[in-house]
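Values quoted throughout were computed directly from the atomic coordinates according to the rules given, and no laboratory measurement underlies them. Worth saying up front: this structure is predicted, and the values here are computed from it rather than measured. Positions of Cβ are backbone-derived with ideal geometry, glycine not excepted, and every protein chain shown enters the neighbour counts.
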Ligand SMILES: *Cc1c(COP(=O)(O)O)cnc(C)c1O
């Protein structure tokens, strides 16, 4: 149904009433062996065409204002399957600066192997993207807000630039979630998600998704089914359930992160806070234009630079990797996602030893602030 609001789509889109049991939820269809005689096409999980896969895809596509999609067994499966199906040998890709670590290492370790060249721009100003385009450029790939410094790229400017040159645009929309940002509305062609994060939201599912037009999805599907990163029925069902509460979770996370960012921004033991919702953030004006909420992710630098000692003193906030769960978690990029970088590379990426990335959950924000305060004592 057209024109429904996000809260309604999250609950209802794609979910199938169960005629057999009169149940409210899409049943779990676990069979990998499906009858084929007189059927219009062969159904098989790795073909991305089972009922449970289609139900969850319909929900994510509705939330992203897209026509169709595919659901994968990880965010990286979605990213790799999408890139490798849209760029051929001798093609070129322009990537933004500040990519998710897994994407960065896939790009720098494996694109060569397939005869694909690439440029990672020096900074995320649209002019830098324009300069990086060559006659072979097939795709521009962005990720905003970025990990871990929450840098903001101008989605509309990049989409317009690419359209003029007949180049496809891909965005990794994981950090914002479809509740806070709908890049297709700004002219982006393809939206990717690590569904492991906000879409699943309970730190217990590893999954990924791509959303686009029917036409583009039909060009991704053949490569995706050969790479084989499909999601099984049980996980699709769990993901579908999680998505029903996406808007309530993310709205609470937006609110909590906003309060916490304000308090940390004025804290004597904290050097700098990175949060797109702060008026002092370098991408605030663009964020206001393209985001409906500023998200649950923020980063900050400790004055004393000792992120290990600080994390050890926390009682409620859990030092752990990954993000987007209902529980608040914290990690030091220099000790986790960026641990393989040397001092010089860390400096170039703007990642100090005292940098901490907070994934704000749905708890009461005052309890979270109390925990941070007691860790400073
Ligand atoms: C986690 C993450 C990914 C990779 O997703 P997996 O589900 O771990 O494969 C990609 N992009 C961003 C922004 C992420 O946070």
Choose one answer from 277, 23, 14: the residue with the largest mean-square fluctuation in a GNM of the chain with alpha-carbon springs under 10 Å.
23
Once R0 is set to 35 Å, what does the formula 1/(1 + (r/R0)^6) return for the Cβ-Cβ distance between residue 315 and residue 31, expressed as a FRET efficiency to the nearest 0.05?
0.15
Please give the calculated 222 nm ellipticity per residue for the chain, where each DSSP H segment of at least 4 residues contributes -39500 (n - 2.57) and the sum is spread over every residue; nearest 500 deg cm²/dmol?
-11000 deg cm²/dmol
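Using Cβ contacts closer than 10 Å as the measure, can you line up 327, 349 from fewest to most?
Numbers: 327 15, 349 18.
The fewest-first ordering by Cβ neighbours comes to 327, 349.
Looking only at the chain, where both bridge partners belong to it, what percent of the DSSP beta bridges are antiparallel (to the nearest 5)? Provide the component values of the computation, followed by the final result.
Values: 23 of 41 bridges.
Counting only bridges with both partners in the chain, antiparallel ones make up about 55 percent.
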Placing each pseudo-label 7 Å from Cα in the direction of the beta carbon, residue 134 and residue 160 end up separated by a distance in nanometres of 2.8 nm
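Given Cα pairs under 8 Å that are at least 6 residues apart, what percent is the relative contact order of region 244-298?
Details: 46 pairs, mean separation 23.7, N = 55.
Relative contact order of region 244-298: 43 percent.
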Counting pairs of Cα atoms in region 80-235, how many percent are more than 23 Å apart?
34 percent
Hull volume per residue for region 312-363, using the convex hull of the C-alpha atoms, in Å³ is 74 Å³
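Taking the square root of 5 times each eigenvalue of the Cα gyration tensor, what semi-axes in Å does the equivalent ellipsoid of region 248-377 have, largest first?
Details: eigenvalues 91, 69, 40 Å².
Output for region 248-377: semi-axes of 21, 19, 14 Å.
Report the semi-axes of the equivalent ellipsoid for region 191-252 in whole Å, largest first, where each axis is √(5λ) for an eigenvalue λ of the Cα gyration tensor.
Values: eigenvalues 112, 40, 16 Å².
Rounded to whole Å, the semi-axes are 24, 14, 9.
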Nearest 10, in degrees from 0 to 90: the angle of helix 214-227 to the longest Cα principal axis of the chain is 90 degrees
Tilt relative to the chain, helix 155-164 - C-alpha long axis, 0 to 90 degrees, to 10
50 degrees
Sequence gap at least 6, Cα distance under 8 Å: using those rules, report the relative contact order of the chain to the nearest whole percent.
18 percent
Extension length gain for residue 88 and residue 262 (0.36 nm per residue less Cα distance), in nm, is 58.0 nm
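Sort the following peptides by mean Cβ neighbour count (other Cβ atoms within 10 Å, averaged over residues), highest first: 299-308, 249-258.
On the way: 299-308: 17.5, 249-258: 21.7.
Put in order of decreasing packing, that is 249-258, 299-308.
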Quick calc of log₁₀ I(q)/I(0), the chain, Debye, one scatterer on every Cα, no solvent, q values 0.06, 0.07, 0.09, 0.12 1/Å, result -0.23, -0.31, -0.51, -0.91
Where does each of 362-372, 181-191 land if you order them by average Cβ count within 10 Å, highest first?
181-191, 362-372
Using a simple spin-label model with points 7 Å from Cα along the Cα→Cβ vector, what separation in nm is obtained for residue 373 and residue 348?
4.3 nm
Nearest 10 degrees, 0 to 90: what angle lies between the long axis of helix 246-265 and the longest principal axis of the chain (Cα atoms)?
20 degrees
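Fewest Cβ neighbours within 10 Å first, please rank 206, 331 accordingly. Walk me through the intermediate numbers first.
Working: 206 17, 331 23.
Ranked by crowding around the Cβ, least crowded first: 206, 331.
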Counting alpha carbon pairs within less than 8 Å and at least 6 residues apart, what relative contact order, in whole percent, applies to region 231-370?
26 percent
For the residues 214, 6, what sequence is obtained by ranking on other C-beta atoms within 10 Å, fewest first?
214, 6
Cα convex hull of region 54-165: mean projected area in nm², to one decimal?
7.6 nm²
Can you give me the C-alpha center-to-center distance between region 205-245 and region 5-78, rounded to a whole angstrom?
9 Å
On a C-alpha basis, how far is the centre of region 105-184 from the centre of region 274-334 in Å? Whole number, if you could?
23 Å
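For the pair residue 241 and residue 120, what calculated FRET efficiency results from E = 1/(1 + (r/R0)^6), where r is the Cβ-Cβ distance and R0 = 51 Å, to the nearest 0.05?
Numbers: r = 38 Å, r/R0 = 0.74.
It comes to 0.85.
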